[in-house]
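The values are calculated or read from the model by the stated rules, or taken from the named source; none is laboratory data. Please read all numbers here as calculations on a predicted model, not as lab measurements. Cβ: placed from backbone, ideal geometry, glycine included. Neighbour counts: every protein chain shown.
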Amino acid sequence: MNLEIIGEKINIDIDSISNVMDFEVSTSYVQFIKAYGYGVISEKIEYLNVISPDKDFFENNFINDIDLWEWKNNEQKDAIRNSMLIAHTFDGEHVYLTNHSFMILPRFNDPIELATFDEVLQYYIRAYDMKETIFYKPHQGY
């Protein structure tokens, strides 16, 4: 995927991400972060914000509401508990990296599990019908 970068890319310490988790960080995610850093994917509006990973986000915000989503199995439910938030959308969806996949938690819908970060990006390109030049605006990780 080629994104047109607007602004200056900020280099990210990949080891600091890996040290936070109890599992190996996905190669597809590491490659994306090395190439682009944290930032916002946009076309006409800002669709997906790739942020500095937050290991505690789900636990701090949704653990009491974990049954809002229809989990396929207990493995999927356990995976989200030991995940890190890596992105969110303008309309409130969250993207998590788990020990074996990327999990999108849409509002009012079942979790979507994808194998690579590129699949996550392609999912949002289709979902938001992005057809024009796709821009990436790097930031500090907020």
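Taking the stretch 13-56 as the range and being among the basic types (Lys, Arg) and either in contact with a Lys or Arg (Cβ under 7 Å, 6 or more places away or on another chain) or over 17 Å from residue 120 (Cβ atoms) (or both) as the test, the residues that pass are 44, 55. One residue alone among 93, 4, 46 is touching a Ser or Thr at 6+ places or on another chain (Cβ under 7 Å), within 23 Å of residue 142 (Cβ to Cβ) and among the charged types (D, E, K, R), and that residue is 4. At least 2 residues being in contact (Cβ under 8 Å) with a residue 40 or more places away in the chain and either surrounded by 19 or more Cβ atoms within 10 Å (Cβ to Cβ) or under 14 Å from the mean Cα position of the chain (by Cα) (or both) is the threshold, and among the helices (runs of 4 or more DSSP H) wholly inside the stretch 26-131 those reaching it are 27-36, 117-127. How many residues does the stretch 108-142 contain that are among the hydroxyl-bearing types (Ser, Thr, Tyr), modelled with pLDDT under 90 and farther than 17 Å from residue 91 by Cα? Count: 1. Tell me which residues, restricted to the stretch 119-136, are under 11 Å from residue 47 (Cβ atoms) and among the polar types (S, T, N, Q). Passing the criteria: none in range.
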